[in-house]
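Notes follow once the structure below has been shown.
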Amino acid sequence: MASKKTPEINGSSMADISFIALIFFLMVTTMDKEEGISRRLPALPTEEQKAEDQKVNRRNIIEVKINSNDRLFAGNQPMDVRLLKDKIKEFLTNPNDDPNLPEKKVEEIEGLGPVTMSKGVISLQNDRGTTYSKYIEVQNEIIRAVNELRDDFSMKTYGKKYAKLDSDKQDLVRKAVPQSVSEAEPKDVKKKK
Amino acid sequence: MAKFIKKESGDIPAIGTASLPDIVFMILMFFMVSTSMRQTERKVKVVLPQATEIAKLERKDLSSYIYVGTPTNQYVAQYGTESRIQLNDSFRNTDDIRDFIAAERENLSEVDRPFMTVSIKADQDTRMGIITDIKQELRRCSALKIMYGARKGK
């Protein structure tokens, strides 16, 4: 009489099978991290907005231009990328209330109280011939300047670095130190060619 | 003295492989969780520019990708060496972005649509002209959240 027990399944090939599955996953999947520089594009301007744009005070704008030879100009001066960060920081903080640097305004932010904010806007312009890597490099410097200002602000307010704050406070700091970069309309750039 | 009988001389005992399947399964699980399926075949060469102040994309499933770069070797004969745009699996023009965005938007649930991010993965040697065209087109279809792909460096 045959035994009623079902024979045990031989498990020794399990390792091989799972190896095959492992190798399959290694081949068809990617692990590249999704990282980069986040930006919000401005919505297409309506006619009214176009008229309004021209009213912005000259002193509140710093023009950062990159020409087709990847040369950088900030506020109509040629500049090295390494110096851009400090220039932007000076522009956004205006420590000595220089009349040529942007005005400040005091705004009430819920949860923070009145905060002195800069009205400065960084206008980033590029040529069609600018290389992408230079453009990202300049974007990166601007973000770095803003991030350092945020760090300063959060050190002053909360005594902690921005990255160590919880997300509600980070939102507040972001509101107090906005990243006001405008990426210019391309047609303006063409004119300057 | 039975206690001190020498073990069979010299032979190294075989390593037990009973736990091997478990170990491999563990690695398998790790890869299944931490990786994502490759969705498109890259037809353009993309070396992302380097940046230090990069942020992580929060919701991978809400992002659409636009690749910009020179065609890879096998497509050079057909498409030349100029920078091209790749949407999904094919070379496209800026005019096709509108349809692409519309289709991608359609794929998302209504709640998620405002959070759709367009990730622009462009080669570092690309000229800005083509990027500017893409940006303008994206503004026209009001896909305003974008991300310039970059890798950590310097």
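Read-outs: derived from the displayed coordinates by stated rules, not from any lab. Keep in mind it's a predicted model, so treat the numbers as computed, not measured. Glycine gets a Cβ as well: all are built from the backbone with ideal geometry, and neighbour counts include every protein chain shown.
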Cross-link pairs A:Lys105/A:Lys161; A:Lys160/B:Lys121; A:Lys87/A:Lys161; A:Lys85/B:Lys45 - those with Cα-Cα distance over 29 Å:
A:Lys160/B:Lys121; A:Lys85/B:Lys45
The helix A:132-158 Cα axis meets the longest alpha-carbon principal axis of chain A at an angle in degrees, between 0 and 90 and rounded to 10, of 80 degrees
So which aspartates and glutamates can A:Lys119 reach, going by Cα to Cα under 16 Å and dropping same-chain residues fewer than 8 places off?
A:Glu52, A:Asp53, A:Glu63, A:Glu90, A:Asp97, A:Asp98, A:Glu103, A:Glu107, A:Glu108
Going fewest to most other Cβ atoms within 10 Å around each Cβ, A:Ser182, A:Ser133 line up as A:Ser182, A:Ser133
Once you place label points 7 Å from the Cα toward the Cβ at B:Gln136 and B:Thr52, how far apart are they in nm?
3.4 nm
FRET E, pair A:Ala21, B:Ala14, Förster distance 30 Å, beta-carbon r, rounded to 0.05:
0.75
Nearest 500 deg cm²/dmol is fine: what mean residue ellipticity at 222 nm does the protein assembly as shown get from its DSSP H runs of n ≥ 4 alone, each adding -39,500 (n - 2.57), divided by its residue count?
-11000 deg cm²/dmol
